[in-house]
1. Assuming 0.36 nm per residue, please report the length gained on full extension of the stretch residue 243 to residue 11 beyond their Cα-Cα distance.
2. Using only alpha carbons, build the gyration tensor for segment 257-345 and give me the equivalent ellipsoid semi-axes, biggest first, whole Å.
3. At a Förster distance of 22 Å, what's the computed FRET efficiency of residue 216 paired with residue 1, Cβ-Cβ distance as r, to 0.05?
4. Compute the distance from the alpha-carbon center of segment 113-150 to that of segment 37-54, in whole Å.
5. Which order do the peptides 29-38, 122-131, 331-340, 106-115 take when ranked by the mean count of other beta-carbon atoms within 10 Å per residue, highest first?
6. Measuring from centroid to centroid over Cα atoms, what is the spacing of segment 152-217 and segment 327-345 in Å?
7. Test of understanding: in a Gaussian network model of the chain with alpha carbons linked when under 10 Å, which of 330, 86, 19 would top the mean-square fluctuation ranking?
8. Once label points are set 7 Å from the Cα along Cα→Cβ at both residue 236 and residue 167, what is their separation, rounded to one decimal in nm?
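Bear in mind these aren't lab numbers, they're just calculated from the coordinates by the rules spelled out. These numbers were taken from a predicted model, which means no experiment stands behind them. In this analysis, Cβ positions are derived from the backbone assuming ideal geometry, glycine residues included, and neighbour counts consider all displayed protein chains.
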């Protein structure tokens with residue numbers, strides 16, 4: 001199942017990204033020769049109208065091959081100038097290149113919204129769902145359904161606050177103020193040291209978990225907020241890595257596949273949430289000013305806007321080719337690291 005989920009998530013992210021380029025090119029009147037999923041040798045293809053849709057061997061991405069992107073393209077003389085990529089106005093070319101990452105941003109928001117509105121998000125309330133026999137909570141008389149409203153006189157309104165207070169009180173009595181059947185009670189319990197986490201306490205209770213769903217408008221709003229938080233985290237991690245404050249902790253397709261498999265074991269909502277995070281990250285990676293990525297192509301378009309004339313197409317294509325080769329080499333290195341980590345675990 002891990003392989004199936006991984007292929008499904010990867011295909012969704014890649015197809016949506018390339019559809020952005022494809023639709024923008026079509027709307028701008030650019031002739032699209034091929035819409036490809038994957039790189040390398042072609043496994044299968046079908047032609048619809050003037051475009052060929054193909055599936056290729058290496059599922060590491062995809063591409064949209066438009067007329068006029070290569071100055072020495074065979075048969076280019078048969079394509080009207082206005083239908084060539086380089087023959088379109090600068091604004092159209094910016095839209096075509098930027099449409100891929102923007103579609104991934106839109107997909108991230110939509111997937112987050114889907115979880116919030118339809119699938120629902122598991123929320124742990126500050127309510128006891130289970131009491132583990134033989135632990136301090138059971139000895140103190142705590143029962144399922146008890147709502148914890150305060151710890152040592154400090155109000156709590158989330159399960160995270162309950163966990164933090166208990167973990168920080170190993171070996172020290174704490175007073176839990178609880179609500180039970182309309183009555184408010186005070187219960188004293190002494191967290192015992194947790195052998196799995198030295199220095200922290202545990203009392204042997206688990207939360208009551210509820211699935212919470214929101215309305216569509218709120219779901220979209222929260223989806224946009226979640227996407228923004230992912231973007232902020234990506235930028236922070238990138239800055240830390242570039243300034244030496246963080247390590248090169250990057251995973252590739254193998255590592256991502258492992259994460260997808262672990263998410264699938266938890267449930268559909270976790271797979272969709274992970275797909276949303278990956279889609280947002282894919283958009284940001286593609287916007288990096290690196291040759292062969294969308295961000296690198298946008299840099300060349302920005303230079304054209306400043307200079308008033310484009311960079312020599314042959315020089316630009318050579319730079320993108322070198323960038324693509326280096327990215328493939330980096331992908332191989334990251335995949336090797338993933339395999340080593342997977343083997344070690």
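1. Between residue 243 and residue 11, full extension yields an extra 80.2 nm.
2. Working from the Cα gyration tensor, I get semi-axes of 36, 18, 7 Å.
3. 0.15
4. About 52 Å separates the Cα centre of segment 113-150 from the one of segment 37-54.
5. 106-115, 29-38, 122-131, 331-340
6. Segment 152-217 and segment 327-345 have Cα centres separated by 41 Å.
7. Of 330, 86, 19, the Gaussian network model singles out 330 as fluctuating most.
8. Computed distance between label sites residue 236 and residue 167 equals 1.7 nm.
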